[in-house]
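Enquirer: Handing you a structure now.
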Amino acid sequence: MRRVAGRHGGAPSALSRLYAEIAKFGVVGLLGIAVNLVAFNLLRWATDLQTVRAGVAATGLAIVGNYVGFRYFTYRDRQSAGSRRREVALFAFFSAVGLLIENGVLFGATYGLGLHDALWSNFFKFAGIGVATLFRFWSYRTWVFTSAPQVPVTHHHGFDTAGFVESVEETMTLRAVSPPSQPPTPAPRRVA
(Lines give C-alpha, C1' and ligand atoms only; values in the text may rest on other atoms or scores of the structure.)
Protein backbone atom coordinates (compact mmCIF):
# COMPACT_ATOMS: atom_id res chain seq x y z
CA MET A 1 0.00 0.00 0.00
CA ARG A 2 1.39 3.38 -0.97
CA ARG A 3 1.45 5.94 1.84
CA VAL A 4 1.09 9.60 1.06
CA ALA A 5 3.78 11.61 2.77
CA GLY A 6 2.93 14.55 4.94
CA ARG A 7 3.80 18.08 4.05
CA HIS A 8 7.36 17.69 5.30
CA GLY A 9 8.02 14.25 3.87
CA GLY A 10 7.21 12.40 7.11
CA ALA A 11 4.06 10.58 8.06
CA PRO A 12 0.80 11.91 6.60
CA SER A 13 -1.01 14.41 8.81
CA ALA A 14 -4.31 13.56 10.46
CA LEU A 15 -6.10 15.92 8.08
CA SER A 16 -4.60 14.33 4.97
CA ARG A 17 -5.55 10.88 6.30
CA LEU A 18 -9.12 12.10 6.86
CA TYR A 19 -9.29 13.50 3.31
CA ALA A 20 -8.05 10.17 1.92
CA GLU A 21 -10.63 8.30 4.00
CA ILE A 22 -13.43 10.58 2.79
CA ALA A 23 -12.32 10.11 -0.84
CA LYS A 24 -12.26 6.32 -0.51
CA PHE A 25 -15.59 6.34 1.32
CA GLY A 26 -16.97 8.47 -1.52
CA VAL A 27 -15.79 6.07 -4.22
CA VAL A 28 -17.43 3.10 -2.51
CA GLY A 29 -20.47 5.24 -1.71
CA LEU A 30 -20.92 6.37 -5.32
CA LEU A 31 -20.85 2.76 -6.48
CA GLY A 32 -23.37 1.94 -3.76
CA ILE A 33 -25.60 4.82 -4.84
CA ALA A 34 -25.48 3.58 -8.43
CA VAL A 35 -26.45 0.05 -7.35
CA ASN A 36 -29.14 1.45 -5.05
CA LEU A 37 -30.79 3.73 -7.63
CA VAL A 38 -30.57 1.23 -10.51
CA ALA A 39 -32.04 -1.56 -8.36
CA PHE A 40 -34.71 0.81 -7.02
CA ASN A 41 -35.86 1.84 -10.49
CA LEU A 42 -35.70 -1.71 -11.88
CA LEU A 43 -37.77 -3.00 -8.96
CA ARG A 44 -40.34 -0.23 -9.43
CA TRP A 45 -40.53 -0.80 -13.16
CA ALA A 46 -40.34 -4.61 -13.37
CA THR A 47 -42.32 -5.64 -10.27
CA ASP A 48 -45.42 -4.64 -8.39
CA LEU A 49 -43.47 -3.69 -5.26
CA GLN A 50 -44.59 -0.53 -3.56
CA THR A 51 -42.18 2.41 -3.67
CA VAL A 52 -40.81 2.12 -0.13
CA ARG A 53 -40.49 -1.68 -0.31
CA ALA A 54 -38.52 -1.33 -3.54
CA GLY A 55 -36.37 1.27 -1.77
CA VAL A 56 -35.69 -1.04 1.16
CA ALA A 57 -34.76 -3.96 -1.14
CA ALA A 58 -32.45 -1.75 -3.24
CA THR A 59 -30.77 -0.37 -0.12
CA GLY A 60 -30.24 -3.90 1.19
CA LEU A 61 -28.52 -4.89 -2.04
CA ALA A 62 -26.28 -1.81 -1.93
CA ILE A 63 -25.37 -2.49 1.72
CA VAL A 64 -23.93 -5.91 0.84
CA GLY A 65 -21.75 -4.41 -1.89
CA ASN A 66 -20.72 -1.53 0.34
CA TYR A 67 -19.45 -3.83 3.09
CA VAL A 68 -17.10 -5.50 0.64
CA GLY A 69 -15.90 -2.10 -0.64
CA PHE A 70 -15.41 -0.62 2.81
CA ARG A 71 -13.66 -3.67 4.29
CA TYR A 72 -11.31 -4.33 1.37
CA PHE A 73 -10.79 -0.81 -0.03
CA THR A 74 -11.67 2.09 2.26
CA TYR A 75 -10.67 0.53 5.58
CA ARG A 76 -8.31 -2.22 4.42
CA ASP A 77 -5.48 -0.78 6.54
CA ARG A 78 -7.53 -1.07 9.73
CA GLN A 79 -7.50 -4.41 11.39
CA SER A 80 -10.65 -5.02 13.33
CA ALA A 81 -10.29 -4.19 17.02
CA GLY A 82 -12.56 -7.15 17.77
CA SER A 83 -13.64 -10.17 15.80
CA ARG A 84 -14.84 -10.10 12.21
CA ARG A 85 -18.22 -11.36 13.44
CA ARG A 86 -18.52 -8.31 15.70
CA GLU A 87 -17.52 -6.02 12.83
CA VAL A 88 -20.18 -7.53 10.53
CA ALA A 89 -22.83 -7.33 13.26
CA LEU A 90 -22.06 -3.65 13.93
CA PHE A 91 -21.99 -2.93 10.19
CA ALA A 92 -25.39 -4.61 9.79
CA PHE A 93 -26.83 -2.69 12.75
CA PHE A 94 -25.63 0.75 11.62
CA SER A 95 -26.56 -0.04 8.02
CA ALA A 96 -30.08 -0.90 9.19
CA VAL A 97 -30.30 2.45 10.99
CA GLY A 98 -29.07 4.13 7.78
CA LEU A 99 -31.68 2.15 5.82
CA LEU A 100 -34.40 3.50 8.13
CA ILE A 101 -33.13 7.07 7.74
CA GLU A 102 -32.84 6.79 3.96
CA ASN A 103 -36.18 5.13 3.38
CA GLY A 104 -37.88 7.19 6.09
CA VAL A 105 -37.30 10.24 3.90
CA LEU A 106 -38.80 8.32 0.94
CA PHE A 107 -41.72 7.16 3.09
CA GLY A 108 -42.45 10.72 4.25
CA ALA A 109 -42.47 12.01 0.68
CA THR A 110 -44.52 9.12 -0.72
CA TYR A 111 -47.15 8.71 1.97
CA GLY A 112 -46.89 11.97 3.89
CA LEU A 113 -46.71 14.35 0.92
CA GLY A 114 -48.43 12.08 -1.62
CA LEU A 115 -45.58 12.30 -4.16
CA HIS A 116 -45.82 8.96 -5.99
CA ASP A 117 -44.35 9.57 -9.44
CA ALA A 118 -40.90 8.35 -10.47
CA LEU A 119 -39.22 11.77 -10.51
CA TRP A 120 -40.20 12.63 -6.94
CA SER A 121 -39.47 9.10 -5.74
CA ASN A 122 -35.94 9.30 -7.17
CA PHE A 123 -35.42 12.80 -5.78
CA PHE A 124 -36.40 11.81 -2.24
CA LYS A 125 -34.59 8.47 -2.50
CA PHE A 126 -31.42 10.41 -3.37
CA ALA A 127 -32.05 12.96 -0.60
CA GLY A 128 -32.49 10.11 1.90
CA ILE A 129 -29.25 8.55 0.72
CA GLY A 130 -27.48 11.87 1.36
CA VAL A 131 -28.76 12.18 4.92
CA ALA A 132 -28.05 8.52 5.70
CA THR A 133 -24.53 8.79 4.23
CA LEU A 134 -23.53 11.35 6.86
CA PHE A 135 -24.73 9.01 9.59
CA ARG A 136 -23.03 6.00 8.00
CA PHE A 137 -19.67 7.75 7.61
CA TRP A 138 -19.66 8.74 11.26
CA SER A 139 -20.87 5.37 12.58
CA TYR A 140 -18.67 3.15 10.39
CA ARG A 141 -15.46 5.01 11.21
CA THR A 142 -16.36 5.40 14.91
CA TRP A 143 -17.81 1.99 15.73
CA VAL A 144 -17.31 -0.54 12.93
CA PHE A 145 -13.93 -0.10 11.24
CA THR A 146 -11.90 0.90 14.25
CA SER A 147 -8.35 -0.22 14.56
CA ALA A 148 -6.34 -1.41 17.47
CA PRO A 149 -4.23 1.30 19.12
CA GLN A 150 -1.16 1.98 17.03
CA VAL A 151 2.36 1.97 18.38
CA PRO A 152 4.39 5.02 17.32
CA VAL A 153 6.66 4.23 14.40
CA THR A 154 10.36 4.66 15.00
CA HIS A 155 12.94 4.01 12.37
CA HIS A 156 15.81 1.59 12.74
CA HIS A 157 18.13 4.35 13.89
CA GLY A 158 15.79 5.26 16.75
CA PHE A 159 14.73 8.70 15.52
CA ASP A 160 11.00 9.39 15.24
CA THR A 161 10.86 11.68 12.20
CA ALA A 162 7.07 12.12 12.27
CA GLY A 163 7.12 13.05 15.97
CA PHE A 164 9.97 15.49 15.37
CA VAL A 165 8.11 17.18 12.49
CA GLU A 166 4.94 17.44 14.58
CA SER A 167 6.83 19.02 17.50
CA VAL A 168 8.52 21.50 15.15
CA GLU A 169 5.15 22.38 13.58
CA GLU A 170 3.67 22.87 17.06
CA THR A 171 6.57 25.09 18.09
CA MET A 172 6.29 27.14 14.91
CA THR A 173 2.55 27.53 15.44
CA LEU A 174 3.10 28.69 19.02
CA ARG A 175 5.70 31.20 17.86
CA ALA A 176 3.38 32.48 15.15
CA VAL A 177 0.56 33.10 17.61
CA SER A 178 2.52 34.21 20.69
CA PRO A 179 3.81 37.77 20.91
CA PRO A 180 7.60 37.97 20.77
CA SER A 181 9.20 37.92 24.17
CA GLN A 182 11.72 40.52 25.23
CA PRO A 183 15.23 39.35 26.06
CA PRO A 184 15.99 39.38 29.77
CA THR A 185 17.40 42.66 31.04
CA PRO A 186 20.89 42.23 32.47
CA ALA A 187 21.26 42.96 36.16
CA PRO A 188 22.98 46.28 36.96
CA ARG A 189 26.71 45.95 37.67
CA ARG A 190 28.01 46.96 41.01
CA VAL A 191 31.13 49.02 40.93
CA ALA A 192 33.36 48.50 43.95
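The values are calculated or read from the model by the stated rules, or taken from the named source; none is laboratory data. Just so we're clear, the structure is a prediction, and the values are computed from it rather than from any experiment. Here the Cβ is made from the backbone with ideal geometry for all residues, glycine too, and neighbour counts use every protein chain on show. These accessible areas exclude ligands, DNA and RNA; they are computed on the full protein's heavy atoms, side chains included. Shrake-Rupley method; radii C 1.70, N 1.55, O 1.52, S 1.80 Å.
Enquirer: Can you go through Trp138, Trp120 and tell me which one is within 14 Å of the chain's Cα centre (by Cα), without any contact (Cβ under 8 Å) to a residue 12 or more places away in the chain and on the phi < 0 side of the Ramachandran plot?
Expert: Going through Trp138, Trp120 in turn, just one is within 14 Å of the chain's Cα centre (by Cα), without any contact (Cβ under 8 Å) to a residue 12 or more places away in the chain and on the phi < 0 side of the Ramachandran plot: Trp138.
Enquirer: Looking only at segment 78-88, count how many residues are open to solvent by less than 60 Å² (accessible area, probe 1.4 Å) and assigned to a helix (DSSP H, G or I).
Expert: Counting residues in segment 78-88 that are open to solvent by less than 60 Å² (accessible area, probe 1.4 Å) and assigned to a helix (DSSP H, G or I) gives 1.
Enquirer: Give the residue, chosen from Leu115, Leu106, that is crowded, with 16+ Cβ neighbours inside 10 Å and part of a loop (DSSP other than H, G, I, E, B).
Expert: That would be Leu115, the only listed residue that is crowded, with 16+ Cβ neighbours inside 10 Å and part of a loop (DSSP other than H, G, I, E, B).
Enquirer: Taking segment 21-47 as the region of interest, how many residues are within 21 Å of the chain's Cα centre (by Cα) and surrounded by 15 or more Cβ atoms within 10 Å (Cβ to Cβ)?
Expert: Here the count works out to 10.
Enquirer: Condition first: exposed (fewer than 11 other Cβ atoms within 10 Å of the Cβ), at pLDDT 75 or above and outside any loop (DSSP other than H, G, I, E, B). Can you find one or more residues in segment 118-129 that meet it?
Expert: yes
Enquirer: So which residues in segment 17-65 are touching a Lys or Arg at 6+ places or on another chain (Cβ under 7 Å) and small (Gly, Ala, Ser), if there are any at all?
Expert: Hits for segment 17-65 are Ala54, Gly55.
Enquirer: Within segment 48-77, which residues are in a loop (DSSP other than H, G, I, E, B) and either surrounded by fewer than 18 Cβ atoms within 10 Å (Cβ to Cβ) or at pLDDT 95 or above (or both)?
Expert: Correct list: Asp48, Leu49, Gln50, Arg76, Asp77.
Enquirer: Just give me the residues in segment 4-20 being open to solvent by less than 70 Å² (accessible area, probe 1.4 Å), modelled with pLDDT of 85 or more and either within 30 Å of Leu61 (Cβ to Cβ) or touching a Phe, Trp or Tyr at 6+ places or on another chain (Cβ under 9 Å) (or both), in sequence order.
Expert: Those that are open to solvent by less than 70 Å² (accessible area, probe 1.4 Å), modelled with pLDDT of 85 or more and either within 30 Å of Leu61 (Cβ to Cβ) or touching a Phe, Trp or Tyr at 6+ places or on another chain (Cβ under 9 Å) (or both): Leu18, Ala20.
Enquirer: Looking at segment 40-47, can you tell me whether even one residue there is of a type in the set (Lys, Arg), assigned to a helix (DSSP H, G or I), more than 21 Å from Trp143 (Cβ to Cβ) and touching a helix residue (DSSP H, G or I) at 6+ places or on another chain (Cβ under 9 Å)?
Expert: Yes, segment 40-47 contains at least one residue that is of a type in the set (Lys, Arg), assigned to a helix (DSSP H, G or I), more than 21 Å from Trp143 (Cβ to Cβ) and touching a helix residue (DSSP H, G or I) at 6+ places or on another chain (Cβ under 9 Å).
Enquirer: In this structure, does Ser95 turn out to be over 29 Å from Leu42 (Cα atoms), among the hydroxyl-bearing types (Ser, Thr, Tyr) and assigned to a helix (DSSP H, G or I)?
Expert: Taking the combined requirement at face value, the residue does not satisfy it.
Enquirer: Identify, by number, the condition in (1) over 28 Å from the mean Cα position of the chain (by Cα); (2) modelled with pLDDT under 65; (3) open to solvent by less than 100 Å² (accessible area, probe 1.4 Å); (4) not charged (D, E, K, R) that His156 doesn't meet.
Expert: (3)
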